[in-house]
1. Working out 0.36 nm times the residue gap between Tyr50 and Glu31, then minus their Cα-Cα distance, what length gain in nm do you get to one decimal?
2. By the scheme Lys and Arg +1, Asp and Glu -1, what is the net charge of all other residues having a beta-carbon under 10 Å from that of Val216?
3. Please get the size of the charge dipole for region 3-95, origin at its Cα centre, with Cβ charges of +1 on Lys and Arg and -1 on Asp and Glu, quoted in debye to the nearest 20.
4. Quick check: Cα centre of region 32-85 to Cα centre of region 164-186, how many Å?
5. Would you please give the residues with an amide H less than 5 Å from that of Leu144, counting only those at least 5 places away or on a separate chain, with H modeled from the backbone geometry?
6. For region 146-217, what Kirkwood radius comes out of the mean inverse Cα-Cα distance, in Å?
7. With a Förster radius of 30 Å, plug the Cβ-Cβ distance of Ser20 and Glu130 into 1/(1 + (r/R0)^6) and report the FRET value to the nearest 0.05.
8. Bin all alpha-carbon pair distances of region 3-95 at 5 Å intervals from 0 and give each bin's fraction as a whole percent.
Amino acid sequence: MHPQEDDIQNRLAIAWRTGSVDQVCVILIEEVQTRCVKSLLFKYGNELSYEDCEDCFDCGVEKLLLHTKTTEQVSNPYNYVWICAINEAKDILRERGQLVHFDPDWVGSGDEETLDEGLSLVTRKHMHPEASLIIAEVALDVELKDSDVGKIMEEVVDIAVSRLTPQRQHLMGMLREHDPFMPNGLLAELLSASEDAVRSLKCRAFGDLRMLIPAVAQELGVDIERFIVPEPEVVTGEPPSLPSSDEDVEPTSL
């Protein structure tokens with residue numbers, strides 16, 4: 001998880017546990033809303049407007065605040081709001097007849113071996129070239145020229161992901177569907193798995209893709225090397241020459 005996101009989660013959880021509702025609202029509005037709305041736009045930007053995504057986030061906040069009046073506990077308010085917002089977005093799309101790729105009845109058992117049960121991969125309609133590009137960059141640990149390689153890399157990553165084990169395919173599907181930088185805690189909630197299982201699954205999936213992506217690219221005749229942004233050269237000057245011990249050093253004028 002990104003340190004900044006981890007910090008937000010911790011501060012939000014503390015404010016929630018101590019009953020500081022005003023502080024909870026401040027953190028959600030000032031620090032979480034933009035992240036959540038951008039993630040929804042990344043996933044559903046072709047179907048939902050910015051205002052729709054804001055409404056989904058507001059719905060998540062409203063549902064969280066309802067728990068201040070009940071005995072039901074929310075252990076992680078950050079993840080709770082995100083999941084409520086995602087569910088609200090899916091509900092809107094179901095009402096509009098636009099959601100066709102998600103199985104709402106599936107509940108995972110919580111371990112890596114059974115994460116492949118029931119969760120269908122998202123359709124190409126909901127895949128974004130930007131997500132494929134990011135997945136490739138993370139797997140290969142490089143920066144790619146997004147203006148040149150987006151569509152090409154989408155095809156390469158599609159094929160590479162299809163060669164992963166089913167549970168790793170599903171995880172990559174979630175990352176490409178929602179947000180490649182989705183925190184492990186939220187993924188764990190969505191997949192009904194532990195964070196350790198998700199962390200292990202991501203590590204293995206990206207490790208596989210590190211080998212699969214170049215192999216698929218070679219099969220397709222794609223030269224990935226020409227799309228890699230070269231690292232900037234570090235220019236170091238020559239070290240100053242020191243006078244030998246038997247040389248006089250001329251004083252510098254002020």
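Read-outs: derived from the displayed coordinates by stated rules, not from any lab. All figures in this text were calculated on a predicted structure; none of them were measured in a lab. Quick reminder, even Gly has a Cβ in these numbers, built from the backbone with ideal geometry, and neighbours come from all protein chains shown.
1. Length gained between Tyr50 and Glu31: 5.1 nm.
2. Its environment carries a net charge of -2.
3. 320
4. After rounding, the separation between the Cα centres reads 19 Å.
5. Val229
6. Hydrodynamic radius (Kirkwood, Cα only) of region 146-217 equals 12.7 Å.
7. E between Ser20 and Glu130, to the nearest 0.05, is 0.20.
8. Once binned at 5 Å, the Cα pair distances of region 3-95 give 2, 15, 26, 24, 17, 11, 5, 1.
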